[in-house]
Amino acid sequence: MNGNLTLTILKPDAVANGHTGKIIDHILQAGFRIKAMKLIQLDERTAGMFYDIHRERSFFKELVGFMISGPVVPMILEKENAVADFRELIGATDPAKAAPGTIRNLYARSIEANTVHGSDSDENALREAHFFFSDLETL
Ligand code: CMP
């Protein structure tokens with residue numbers, strides 16, 4: 001059975017460009033409910049831990065540098081089939097390949113500054129939700 005939670009991060013480009021309101025509205029209009037949300041400044045260690053799976057990739061250093069370049073907005077989102085539906089809503093990782101009308105197609109500029117993160121599996125959604133919202137008693 002598919003889970004009903006996913007974790008997104010509105011990345012520094014979304015916050016710096018004043019797109020957070022429009023993106024949150026887009027997410028709500030698509031039927032997601034916001035279960036938790038906060039605005040935070042990541043530090044290098046925390047961003048590195050979040051993206052630990054990419055530590056050996058050529059883009060890791062740039063990715064972490066970008067993610068700490070300004071505030072971000074992590075959110076836990078709730079909806080049936082949340083992981084797959086949210087990935088469809090945001091479009092491909094590379095905005096140049098993102099389908100028309102998707103969030104990355106509308107707001108992202110590059111594969112690095114791609115405006116939003118979306119969990120890629122139910123297992124990672126839970127891990128990532130706990131990563132940012134360890135104070136929540138139940139998910
Ligand atoms: P995200 O969904 O947050 O998960 C990993 C991130 O790594 C991804 O979004 C991109 O922003 C980033 N990424 C993936 N591939 C590249 C790349 N080739 N160059 C720079 N950043 C990348």
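Computed quantities for the displayed model
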read-out: Some residue of region 43-56 being more than 16 Å from the ligand (Cβ to nearest atom), farther than 21 Å from I103 by Cβ and assigned to a helix (DSSP H, G or I); value: yes
read-out: Single residue of L63, L77 found to be surrounded by 14 or more Cβ atoms within 10 Å (Cβ to Cβ), within 23 Å of Q41 (Cβ to Cβ), within 13 Å of the ligand (Cβ to nearest atom) and not acidic (D, E); value: L63
read-out: Scope region 113-127; condition assigned to a loop (DSSP other than H, G, I, E, B) and either in contact (Cβ under 8 Å) with a residue 40 or more places away in the chain or among the hydrophobic types (A, V, I, L, M, F, W, C) (or both); matching residues; value: A113, N114, T115, S119
read-out: Of residues in region 98-119 being among the β-branched types (V, I, T) and away from the ligand (no atom under 11 Å from the Cβ), the one surrounded by the fewest Cβ atoms within 10 Å (Cβ to Cβ); value: T102
read-out: P95 being over 23 Å from D52 (Cβ atoms), free of Cβ contacts under 8 Å to residues at least 40 places away in the same chain and surrounded by fewer than 20 Cβ atoms within 10 Å (Cβ to Cβ); value: no
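Only the coordinates and a few stated rules stand behind these numbers; no lab work does. Since this is a predicted model, take the numbers as computed values, not measurements. Don't worry about glycine lacking a Cβ; one is built from the backbone with ideal geometry, like all the others, and counts go over all protein chains shown.
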